[in-house]
Amino acid sequence: MKMIEVINMEKKFGENTVLSNINFKIGKGEIFGYLGPNGAGKTTTIRILTGIIEPTSGEIYIDEHDLKNDKKYIRSISGLLTESPGFYERFNAVENISFFSKLYGIDENELNSRISFYFKMFGLWDQRLQPVGTFSKGMKQKLALIRSIIHDPDYIYLDEPTASLDPETSNVVRSFIKNLKGQGKTIFLSTHNLNEAEEVCDRVAILNRKIIDIGTPDELKGRIFGRKIIIEFEGEESKVRSILSGLNLNFSIDGNKIYLINVERSPSIVKALVNSGIDVLYVYREDHSLEEIYMEMVK
Amino acid sequence: MDIKNVLIMYRKDLREIMTLRTVKYSIIIFPVIFLAILLFILYFSYINLGSVNGVPNILNSTLNSIPYSSKGKIFYYLSMNYLIFLSIVPLSLASTISSYSIVGEKQQKTIEPILATPIDDREFFLGKLLAPLVPTLGITYAVIAIYSVFSDFITYNYGYIIYPNIPWFIVVILFIPFSTVLMILFTLLFSSRAIDPRSSQQFSAIILIPVLVIFFLSMLIYSLESILLIFLTAIVIVFDFILFKITIEIFNRENIVTRWK
């Protein structure tokens, strides 16, 4: 099965341990978010997974190949969007993409058709023969995205893909990431943008030199804040208290709001309240953003 | 090792260097001016040549070992020495080209995307070595060809031609290529630590000192010419080997990504 598997990965630079005890699996077609503060080891993890640097210890399997022995193959099926785009400023956009594509072994005819397809898709066709030095940040980022996928890789590593981009370009990039998922690509997304992670990622890992937690955004919310249901009511608080105490629930009341903690089903509770003459106005689940989870975890 | 990747890297570097106006002009203008000056000196020497009797005593045995007429001896002596002096051309060109090759990658932050492709460290390194070597040798050999034909054209008047001869072959086939490689390795080594091309060029210019020493040495002990040149070339090859080992260590991807700033 096509996947990324990391087992007990550790990375040290001299005496400085940058990553320790890193374990995760990423399935085919999954968008995996990698969140963490600056210096948490996000870029180092990407560099290791793309075979740019070696881990100090641990095992990594990508596409059932051991990274230790098959770096060249793994690099050929991986695409990388680096944190800063990095292009030859005096070369035009096509020359830049052609150079990198040749290193991936793409033949000339195939390359021309891919260049035409992606440049049109990202709205860079008219600027294709302009030196990259004249491009805006957003244009360079789009070009870097093209470079990361031009060889049709199965695994795509995106390091801060929307950092310092305007909202419109960020939106284009996010749509493109979702589009890649639709094509069955496995995406490793390192980001500071928690809304973005919440929007596009199937699962996220929160990292600070070691993995603090991994799960879907919903799972993480449940683990950190518990599952809270809020019932807004109109009626006597003391009456509500006695009804809920009789149901043996973990709850608290603040004004006209009842907070039910880790309650699986709420209809029977609502029914009990209504039958006792309490008016139930709203029932809803308390929502937390990924940002709140993140702040709580890295505290 | 995939030679195709080496050539892709080499062609890209060469093309990139040629887009730099300052480098493009300096690698054309410097050899042209240098050659023009040497040809002028050579011609000026020819029309003002005196006899062997007029030269300092220290050169008597040297000049006596040259099997030509009196004026021919002096011209031969001057021409051969200037030929060694021409080694400054490849060293200077190699330093200029290779310093831009590494610092340019660093300034444009293109190293990481390259290392993410299937290219391996040796292919990357050899591409970087080849990019300055080929144009440098091409231009140098053109300069030497013009210089040699000009010298032969003058000595033809004395009834003989100087080039090619054994010392010429040693200089052209051994001394110049190996000392150019040495200069490139030196520059690559300095470039990995430099943040701008000029500082790496200035550091690598240190290597010009031994060339000047060789030039002045060869003027004094001319009769040892071939042996001296072989000896010097052997020293250069030893340094090439040592520096190659050091540089290949520095061209380790972990070093490149984490230490090249």
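Does segment B:111-197 classify as rounded, prolate or oblate by the C-alpha gyration tensor (a ≥ b ≥ c root eigenvalues; a/c under 1.5 gives rounded; else a/b over b/c gives prolate, otherwise oblate)? Can you show the working numbers first?
Details: a/c = 3.59, a/b = 3.24, b/c = 1.11.
In terms of gyration-tensor shape, prolate.
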**Message:** Rounded to the nearest percent, how much of the accessible area of the protein assembly as shown (1.4 Å probe, protein heavy atoms only) is carbon and sulfur?
**Reply:** 58 percent
**Asked** How would A:Glu199, A:Glu15 line up by accessible area, probe 1.4 Å, largest first?
**Response** A:Glu15, A:Glu199
**Item:** Most positive-pole-ward Cα, A:Tyr294, B:Ile184, A:Asn112, against dipole of the protein assembly as shown from beta carbon charges
**Value:** B:Ile184
**Asked** Once you charge only the Cβ atoms, +1 for Lys and Arg and -1 for Asp and Glu, what is the size of the charge dipole of segment A:90-145 about its Cα centre, to the nearest 20 debye?
**Response** 300 debye
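Give the calculated FRET efficiency between A:Ala163 and B:Phe244 to the nearest 0.05, with a Förster radius of 60 Å applied to their Cβ-Cβ distance. Show your work: numbers first, answer last.
Values: r = 40 Å, r/R0 = 0.66.
Taking R0 as 60 Å, the efficiency between A:Ala163 and B:Phe244 is 0.90.
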**Asked** What order do B:Phe169, B:Phe216, B:Phe125 take when sorted by accessible area (1.4 Å probe), most exposed first?
**Response** B:Phe216, B:Phe169, B:Phe125
**Complete:** For A:Lys239, the lysines lying under 24 Å Cα to Cα, once residues fewer than eight places off in the same chain are dropped, come out as A:Lys228, A:Lys257, A:Lys271
**Message:** Which of the three applies to segment B:87-149, rounded, prolate or oblate, going by the alpha-carbon gyration tensor with a ≥ b ≥ c and a/c under 1.5 meaning rounded?
**Reply:** prolate
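Just to be sure I follow: if Rg is taken over the C-alpha atoms of the protein assembly as shown and Rh is the Kirkwood radius over the same atoms, what is Rg/Rh?
On the way: Rg = 34.7 Å, Rh = 28.5 Å.
With Rh from the inverse mean 1/r over Cα pairs, Rg/Rh is 1.22.
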**Message:** Whole angstrom only: what separates the Cα centroid of segment B:227-261 from the Cα centroid of segment B:130-200?
**Reply:** 19 Å
**Message:** Using alpha carbons only, how many angstrom separate the centre of segment A:200-258 from the centre of segment B:8-38?
**Reply:** 70 Å
**Complete:** By the C-alpha gyration tensor axes a ≥ b ≥ c (rounded if a/c is under 1.5, else prolate when a/b exceeds b/c, else oblate), the shape of segment A:128-185 is oblate
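Given all pairs of different Cα atoms, what value in angstroms does the Kirkwood hydrodynamic radius of chain A take? Each step should come with its number before you reach the end.
Details: mean 1/r = 0.0457 Å⁻¹.
It is 21.9 Å.
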**Prompt:** Which residue fluctuates the most in chain A, going by a Gaussian network model with Cα springs under 10 Å, if the choices are A:Ser170, A:Ser238, A:Ser148?
**Reply:** A:Ser238
**Message:** Mean-square fluctuation check for chain A, GNM, Cα pairs under 10 Å: which of A:Glu89, A:Glu198, A:Glu54 is largest?
**Reply:** A:Glu89
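Show me the three semi-axes of the equivalent ellipsoid for segment A:207-299, from the C-alpha gyration tensor (sqrt of 5 times each eigenvalue), largest first, rounded to whole Å.
Values: eigenvalues 208, 27, 23 Å².
Over the Cα atoms of segment A:207-299, the semi-axes work out to 32, 12, 11 Å.
Between A:Ser116 and B:Tyr25, what FRET efficiency follows from the Cβ-Cβ distance if R0 is 35 Å, with the result rounded to 0.05? Provide the component values of the computation, followed by the final result.
Details: r = 36 Å, r/R0 = 1.03.
With R0 = 35 Å, the Cβ-Cβ based efficiency is 0.45.
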**Asked** Among the residues of segment B:90-134, which ones have their accessible area go down by 40 Å² or more when all the protein chains sit together, as opposed to their chain alone (1.4 Å probe)?
**Response** B:Gln108, B:Lys109, B:Thr110, B:Glu112, B:Pro113, B:Ala116, B:Thr117, B:Pro118
**Prompt:** In whole Å, what is the distance between the alpha-carbon centres of segment A:140-156 and segment A:109-130?
**Reply:** 12 Å
**Charge dipole magnitude, Cβ of K and R +1, D and E -1 - the protein assembly as shown, Cα centre, debye nearest 20** = 1220 debye
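Given a 1.4 angstrom probe, what's the average accessible area per residue across segment A:5-97, in square angstrom?
Numbers: 3370 Å² over 93 residues.
Accessible area per residue, segment A:5-97: 36 Å².
Two-decimal Rg/Rh of segment A:67-121 from alpha-carbon positions, Kirkwood Rh? Don't jump to the answer; show the numbers that get you there.
Numbers: Rg = 12.9 Å, Rh = 12.8 Å.
Ratio of gyration radius to Kirkwood radius for segment A:67-121: 1.01.
Kindly compute the accessible surface that chains A and B hide from a 1.4 Å probe when together, both sides summed, and give it to the nearest 100 Å².
Values: alone 14800 and 12970 Å², together 25100 Å².
Buried surface at the A/B interface: approximately 2700 Å².
Over chain A, what relative contact order in percent results from Cα pairs under 8 Å that are six or more residues apart? Don't skip to the end; give the middle numbers.
Numbers: 510 pairs, mean separation 61.6, N = 299.
So the answer I get is 21 percent.
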**Request:** Among B:Tyr158, A:Phe99, A:Ser148, flag the residue with its Cα farthest along the positive direction of the charge dipole of the protein assembly as shown, charges on Cβ as +1 for Lys/Arg and -1 for Asp/Glu.
**Result:** B:Tyr158
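Treating only the Cβ of Lys, Arg, Asp and Glu as charged (+1, +1, -1, -1), what charge dipole size does chain A show about its Cα centre? Round to the nearest 20 debye. Spell out each step's value before the answer.
Details: 38 positive and 42 negative charges, 93 e Å.
For chain A, the charge dipole is close to 440 debye.
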**Request:** Grab every C-alpha pair in segment A:15-118, bin the distances at 10 angstrom width from 0 up to the longest one, and report whole percents.
**Result:** 11, 36, 33, 17, 2
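The values are calculated or read from the model by the stated rules, or taken from the named source; none is laboratory data. Since this is a predicted model, take the numbers as computed values, not measurements. Glycine also receives a Cβ, built like all others from the backbone with ideal geometry; neighbour counts cover every protein chain displayed. What goes into the accessible areas is simple: the full protein's heavy atoms, side chains included, and nothing from ligands, DNA or RNA. Shrake-Rupley method; radii C 1.70, N 1.55, O 1.52, S 1.80 Å.
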